[in-house]
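Student: Below is the structure I would like to discuss, written out as structure tokens.
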Amino acid sequence: MTSEHSSALRALVGNVVQQTPVYDVHTHLYDPAFGDLLLWGIDELLTYHYLIAEGFRWFDMPEAKFWTLKKTEQAEAIWNALFIDHSPLSEACRGVLTTLNRLGFDVKKRDLPALRQHYSKWSSGDFINKSLELANVRKVCMTNSPFDDVERPVWERDFDRDPRFTAALRIDPLLVDWENSVPKLRTWGYAVHADFSELTFSEVRRFLGDWTRRIDAQYCMVSLGADFRFPDNSAAAQLIEHAIMPHGREHNQAFALMIGVRRNANPLLRLAGDSLGQADVGAVERLCEAFPDNKFLCTMLARENQHALCVAARKFRNLHVFGCWWFMNNPSLIEEITRMRIELIGLSVTPQHSDCRVLDQLIYKWDHSRPIIAKVLADKYCDLAATGWEPSRAEIERDVHGLLGGALESFLAR
């Protein structure tokens, strides 16, 4: 394969990856109808928990003092510590600057009040449209919890849905805080008890079905600690086996497992204080084996788990691996993991999701991920071309569509 041929193929792959719209399969964004729950703007970008944790490596103030500050004051403290007093080299800092640059803001002046003034000119609706356009995202999947006392009333009164915002049913309290979930479910009309009777499991299934229909959930999801085990006598394992698995079969709904978080490693940092731990991939394999008629999505937080999870996906076709989650969302790791996944399981994977909590982050998360995905793909296509198998543009477009959300859509639908 000549260098000219290789360069042309790489340029084609880069162009296709750049031009293909994304279905962002996991975010913490909200439909515009949720109003202020949909976060956007410079102060939200700067007070994102990634930057809060990094800021505390420089702050000369106790954590308790920081939490008494107004959000604008928190943002200013982070701006000064991470952007003015030190060069913003971390991925989280670079992401803020990529976003501002793509929005047309002049960052070289290092003028936070001017950036706020620029943002003030946007209406919410126009900013949503602009962010999705710049990120080239065709739709996003939200994270929606009936246990959220602010979010739940919006769903209960109904509203006109924005078709670009799909829903996922988040049920963490059900599995990790069963004792306190029981009285809430009873208040909502579900005859559950603390013990695991068949009536309780049946009522949990009714709860899941009601909310799946209410929000038109694309999948059911939970974030679990690194200590998750299956099978097990824990509430989580019992509810998965006797409620979530039957629900998934009845509604043809996948169960998404995000495993590896270690909550409150530093409680003083609040949401920014979570850490990670190495999880048991065998628990996922045992779920896939025990319930072959159920579908599972999985992402894991520790780098040490990525290879074993990939191997698990080779063994169980009812398992779809997705994203570089949270602490894995750094360019060097994204490239390593994407390359490994494609080498092990080919194109039956979703290499990335944004996980963004602030709308603006869509822009930088995909701006930073697309070139990495394109680089890995181009390398692999060049390897193919060296054997005489030269991919056509149509084949590349098909493959990229799959990697940028299409494969997961097909997995959920089958």
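The values are calculated or read from the model by the stated rules, or taken from the named source; none is laboratory data. Note that the coordinates shown come from a computational prediction; the quantities given were computed from them, not determined experimentally. We place every Cβ from the backbone using ideal geometry, glycine too, and count neighbours over all the protein chains shown.
Student: Are there any pairs, at least 6 apart or on different chains, whose C-beta atoms fall under 7 Å, with the first in the range 304-329 and surrounded by fewer than 21 Cβ atoms within 10 Å (Cβ to Cβ) and the second among the basic types (Lys, Arg) and part of a helix (DSSP H, G or I), and if so, which?
Tutor: So the pair list comes out as CYS310/ARG341.
Student: Would you call ASP367 among the acidic types (Asp, Glu), in a helix (DSSP H, G or I) and over 22 Å from THR299 (Cβ atoms)?
Tutor: For ASP367, the condition - among the acidic types (Asp, Glu), in a helix (DSSP H, G or I) and over 22 Å from THR299 (Cβ atoms) - is not met.
Student: Condition first: among the polar types (S, T, N, Q) and in contact with a Leu (Cβ under 6 Å, 6 or more places away or on another chain). Now tell me which residues in the range 19-65 satisfy that.
Tutor: Scanning the range 19-65 gives a single hit, THR20.
Student: Also, quick follow-up: Under 6 Å by Cβ, and 6 or more places apart or on different chains, what pairs join a residue from the range 209-233 that is in contact (Cβ under 8 Å) with a residue 60 or more places away in the chain with one that is outside any helix (DSSP H, G or I) and of a type in the set (Ser, Thr, Tyr)?
Tutor: Pairs that qualify, where the first residue is in contact (Cβ under 8 Å) with a residue 60 or more places away in the chain and the partner is outside any helix (DSSP H, G or I) and of a type in the set (Ser, Thr, Tyr), are GLN218/THR166.
Student: Then there's this: Could you pull out the residue among THR68, THR98 that is more than 24 Å from GLN117 (Cα to Cα) and out of contact with any Leu (no Cβ under 9 Å at 6 or more places or on another chain)?
Tutor: Matching residue, one of THR68, THR98: THR68.
Student: Right, something else. Take the residues in the range 214-251 that are more than 19 Å from PRO146 (Cα to Cα) and of a type in the set (Asp, Glu), then tell me which one is surrounded by the fewest Cβ atoms within 10 Å (Cβ to Cβ).
Tutor: GLU250
Table: residues versus (1) buried (at least 19 other Cβ atoms within 10 Å of the Cβ); (2) touching a helix residue (DSSP H, G or I) at 6+ places or on another chain (Cβ under 6 Å).
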site	(1), (2)
LEU39	yes, no
ILE52	yes, yes
GLY55	yes, yes
PHE66	yes, no
LEU69	no, no
GLU76	no, no
ASN80	no, no
SER87	no, no
CYS93	yes, yes
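Student: Given the conditions (1) more than 30 Å from ALA256 (Cα to Cα); (2) surrounded by fewer than 20 Cβ atoms within 10 Å (Cβ to Cβ); (3) modelled with pLDDT of 95 or more, report the number of the one that VAL107 does not fulfil.
Tutor: Looking at each condition in turn, VAL107 falls short on (3).
Student: Scan the range 55-100 for residues that are charged (D, E, K, R), free of Cβ contacts under 8 Å to residues at least 60 places away in the same chain and assigned to a helix (DSSP H, G or I) and jot them down.
Tutor: Once the filter is applied, which keeps residues that are charged (D, E, K, R), free of Cβ contacts under 8 Å to residues at least 60 places away in the same chain and assigned to a helix (DSSP H, G or I), the range 55-100 yields LYS65, LYS71, GLU73, GLU76.
Student: Tell me which residues, restricted to the range 309-354, are touching a Gly at 6+ places or on another chain (Cβ under 7 Å) and part of a loop (DSSP other than H, G, I, E, B).
Tutor: Passing the criteria: LEU347, GLN352, HIS353.
Student: In the range 151-241, which helices (runs of 4 or more DSSP H) lie fully inside it and hold 2 or more residues that are over 30 Å from TRP326 (Cβ atoms) and not small (Gly, Ala, Ser)?
Tutor: Qualifying helices (runs of 4 or more DSSP H): 152-157, 178-187, 198-215.
Student: Only one residue in GLU4, GLU76, GLU63 is closer than 30 Å to TRP389 by Cα and of a type in the set (Asp, Glu). Which one?
Tutor: GLU4
Residues checked against (1) free of Cβ contacts under 8 Å to residues at least 60 places away in the same chain; (2) more than 24 Å from the chain's Cα centre (by Cα); (3) over 30 Å from LEU100 (Cα atoms):
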position	(1), (2), (3)
LEU362	no, no, no
HIS368	no, no, no
PRO371	no, no, no
ALA374	no, no, no
LYS380	yes, yes, yes
ALA385	no, yes, yes
ASP399	yes, no, yes
GLY405	no, no, no
LEU408	no, no, yes
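Student: With ILE363, ILE334 as the choices, which residue is of a type in the set (Val, Ile, Thr), more than 17 Å from TYR23 (Cα to Cα) and either modelled with pLDDT of 95 or more or crowded, with 18+ Cβ neighbours inside 10 Å (or both)? Show your work before the answer.
Tutor: Working: ILE363 fails: more than 17 Å from TYR23 (Cα to Cα).
Just one listed residue meets the conditions, ILE334.
Student: Tally the residues that are in a helix (DSSP H, G or I) and touching a residue at least 40 places away in the same chain (Cβ under 8 Å), restricting the search to the range 27-54.
Tutor: Within the range 27-54, residues that are in a helix (DSSP H, G or I) and touching a residue at least 40 places away in the same chain (Cβ under 8 Å) number 14.
Student: A follow-up question, please. Based on what the data block shows, is LEU269 in contact with a His (Cβ under 9 Å, 6 or more places away or on another chain) and on the phi < 0 side of the Ramachandran plot?
Tutor: Criteria met by LEU269.
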